[in-house]
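Here the structure is laid out as structure tokens; the discussion comes afterwards.
The values are calculated or read from the model by the stated rules, or taken from the named source; none is laboratory data. No experiment lies behind these values; they were computed from the predicted model shown. Glycine also receives a Cβ, built like all others from the backbone with ideal geometry; neighbour counts cover every protein chain displayed. Ligands, DNA and RNA are stripped out before the accessible areas are found, and what is left, the full protein with its side chains, is counted by its heavy atoms. Shrake-Rupley method; radii C 1.70, N 1.55, O 1.52, S 1.80 Å.
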Amino acid sequence: MLVTLGATLAKHSLRTVTVIVTPSKLATVRILPGNRQCSVRCVARYRSGTRVRVSVATLKGATFERWGGACAGRTFCSMKLLRNRRIVARFAPAEPLSSWSPHVACTAIVTSLPTIIGTKTGSNGGGVESGGAFQPHLRGNAQRHLLNPPCSVAVEPSFVEVDGVVVGADWEHVASDGDYTGTLADASRPDIKNPYLKAVHAEIDGTWTKAGVAPPMLPPAGTKIDVQGFVYWDPGHEHQRFHNFSGWELHPVSAWRLSAGGNDPAHALAAIFPAGATAPAGARIDADAAG
């Protein structure tokens, strides 16, 4: 009887399907059963073996590009849920976003720092490589200082635009390779309590500076900017505090501009950690905000 009960529980155990919409809020995806509407990131749970269907519900001035993760193609996606699945619905603005840098010939994909990083965390609270939405991606020493990074890796876009990020107080030049590095953070997501899941290490590459194609240094700490660059994973720094305990980077940063709607540098960094918010011990941008 115990064997039968165990087999029954295993047969009907719950499985999850995680749907990520990128750029967030540009469109809505419908998940069936349950008719769930998703415009950012949703996790739905069903009994193992349930037939799940995911489709585009609405478009807000956008075009649907393709599915990623467990789905492929451009029509609806249907599957029998026998294990946990992750699906990325990738959209693009109706008007393609051109590069601001004359050196880069790629078309940018609008996304956000939380989408790049994902929600899976390592032992120190930083985002892990498998959790990000851009899979595969640039990574490792061989692709670290590319003067002409590819616009995509396999069929996954690598060139992105992230709007409304806050410049951290830790930007500095690295003497060994000429890189100009620091933190960019998303102050618009107070719902994300873990600061490491809304902040990324970014670099203006020294190779670009030597070639005369790098953007200028960033404005003062706390300034909100829009930025274009390449999604990259650095496996050498994923356990270090200055790197937000994650390997995710925007590297190289190809261009930036001041965000529309004004700037308030005196308060933008503090907005990342509202009063009473809890940050992991030693959070670098938390210290910047407090100081």
**Q.** Long-range HN-HN contacts of Trp171 with modeled amide H, under 5 Å
**A.** Thr183
Q. For all pairs of alpha-carbon atoms in the stretch 120-240, what percent lies in each bin of width 5 Å, listed from the first bin to the last filled one?
A. 2, 10, 18, 24, 23, 16, 6, 1, 0
Q: Go through the stretch 141-207 and name the trypsin sites (Lys or Arg not before Pro) that are in a DSSP coil and have 14 or fewer other Cβ atoms within 10 Å of their Cβ.
A: Lys193
Q: Straight distance only, please: which aspartates and glutamates reach the Cα of Lys120 with their own Cα at less than 13 Å, same-chain residues fewer than 8 apart left out?
A: Glu129
(Q) Quick check: from the Cα gyration tensor, does the stretch 174-268 come out rounded (a/c under 1.5), prolate or oblate? (A) oblate
**Q.** Probe 1.4 Å - accessible area at Ser259, Å² to nearest ten
**A.** 20
